[in-house]
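Asks: I am attaching a structure below and will ask some questions about it afterwards.
Just so it is clear, none of the values below were taken in a lab; they were calculated from the coordinates. Just so it is clear, the structure is predicted and the values come from calculations on it, not from any experiment. Don't worry about glycine lacking a Cβ; one is built from the backbone with ideal geometry, like all the others, and counts go over all protein chains shown.
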Amino acid sequence: MSAATPLLQVSNLGKSFGGVKAVDGITFDLAAGELLALIGPNGAGKSTTFNMVNGQLKADQGSIRLAGTELVGQRPRDIWRLGVGRTFQIAETFSSLTVVENVQMALISHDRKLFSMWKPAAGHKRDEALALLEQVGMKAQADRPCSVLAYGDVKRVELAIAMANSPKLLLMDEPTAGMAPKERNSLMALTKQLVVDRGLAVLFTEHSMDVVFAYADRMIVLARGRLIAQGKPLEIRDHPKVQEVYFGTGKTFEKAAA
Ligand code: ADP
Ligand code: MG
């Protein structure tokens with residue numbers, strides 16, 4: 001792989017459910033250190049695309065290469081090992097653990113030790129976990145149970161957990177869903193920081209156009225499984241096809257996003 005090769009290369013990717021082409025031959029790239037927004041109306045194929053990249057769904061056609069390695073046909077766990085991370089919602093069962101214990105657990109899982117062998121009381125990986133929590137601004141709350149955290153803070157912990165695997169590519173499907181505008185901005189600013197500091201590549205979906213325009217380096221737009229536009233946020237804002245698909249006639253991007 002040459003230095004100019006993008007980290008992620010998606011080519012002619014497709015998936016059907018019954019007769020419905022949920023994703024219909026899409027092609028795009030994503031470079032290290034780039035924050036790429038995937039937008040489109042409900043049912044456009046965004047989640048299906050994510051789930052093919054992380055291996056939860058097997059593509060019917062096309063190719064997904066990470067640093068030159070084909071991901072189509074690989075198991076989710078192997079794709080995760082190759083460096084594709086995603087944010088998970090902290091499961092109910094883990095919300096009784098403290099913040100730092102949740103991150104320790106993720107670090108240990110990354111080391112491929114058996115979860116069943118780990119005891120939460122152990123100090124194992126605590127320093128490393130605290131360092132990750134510091135990066136997401138959650139070190140001061142390390143010893144609180146996750147169950148008592150504010151929603152925006154839970155999202156920060158989820159990001160620290162995803163980073164425990166040192167991913168090259170992080171997938172975030174609607175990371176700011178249910179968040180107030182201030183929390184949204186704070187989470188995306190943090191994500192942007194990780195992209196810049198670590199050369200992380202991020203692919204995310206987002207409903208708030210304010211967030212997309214403020215943070216995305218580049219955007220791709222899906223409609224009914226097809227990629228209808230890609231470019232920098234300002235190019236996309238003025239793209240006639242995007243205006244049409246999203247808003248019909250006469251509406252601006254901003255009005256429709258409100
Ligand atoms: P988005 O995330 O952009 O809202 P999805 O990728 O979830 O869109 O869905 C794309 C299309 O595929 C929709 O028409 C949806 O109903 C369909 N679809 C998604 N997942 C499944 C599934 N597991 N079984 C059947 N149809 C599905
Ligand atoms: Mg979706």
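Asks: Take the alpha-carbon centre of the stretch 156-188, take the same for the stretch 33-65, and report the distance between them in whole Å.
Replies: Here the answer is 17 Å between Cα centres.
Asks: Right, something else. Roughly what % antiparallel, to the nearest 5, for the DSSP beta bridges in the chain? Don't skip to the answer; put the middle values down first.
Replies: Details: 21 of 36 bridges.
Once the DSSP bridges in the chain are tallied, antiparallel ones form about 60 percent.
Asks: Also, I was wondering about something else. Which shape class, rounded, prolate or oblate, goes with the stretch 122-200 when its Cα gyration tensor gives a ≥ b ≥ c as root eigenvalues, a/c under 1.5 marks rounded, and past that a/b bigger than b/c marks prolate?
Replies: oblate
Asks: While we're looking at this one, here's another question. Divide by every residue of the chain the summed helix terms, -39500 (n - 2.57) for each DSSP H run of at least 4, and state the resulting mean residue ellipticity at 222 nm, rounded to the nearest 500 deg cm²/dmol. Can you show the working numbers first?
Replies: Details: 10 runs with 93 residues, N = 258.
Estimated from H runs of four or more residues: -10500 deg cm²/dmol.
Asks: Based on the alpha carbon coordinates of the chain, what radius of gyration and maximum Cα-Cα distance (Dmax) apply, in Å?
Replies: Considering the chain through its Cα atoms, Rg and Dmax are 18.7, 61 Å.
Asks: Would you tally the net charge around Asp24, using a Cβ to Cβ cut-off of less than 9 Å, leaving Asp24 out, and scoring K and R as +1, D and E as -1?
Replies: +4
Asks: Long-range amide H contacts for Ala223: which residues qualify at under 5 Å (H placed 1.01 Å from N, peptide plane, sequence gap of 5 or more or a different chain)?
Replies: Ile228
Asks: If the chain between Ala150 and Ser166 were fully stretched, how many nm would it gain, using 0.36 nm times the residue separation less the Cα-Cα distance? Could the numbers behind the result be given before it?
Replies: On the way: separation 16, 0.36 × 16 = 5.76 nm, distance 2.53 nm.
Extending this stretch completely gives an extra 3.2 nm.
Asks: Quick one: compute the contact order of the chain, relative version, from alpha carbon pairs under 8 angstrom and 6+ residues apart, as a percent.
Replies: Taking the mean separation of contacting Cα pairs over the length of the chain, I get 25 percent.
Asks: Taking the alpha-carbon distance from Lys58 and a cut-off under 15 Å, which aspartates and glutamates remain once sequence neighbours fewer than 8 residues away in the same chain are dropped?
Replies: Asp24, Glu70, Asp78
Asks: Going down the table (Lys15/Lys168; Lys155/Lys232; Lys192/Lys232), which pairs top 21 Å between alpha carbons?
Replies: Values: Lys15/Lys168 25 Å; Lys155/Lys232 27 Å; Lys192/Lys232 16 Å.
Pairs exceeding 21 Å: Lys15/Lys168; Lys155/Lys232.
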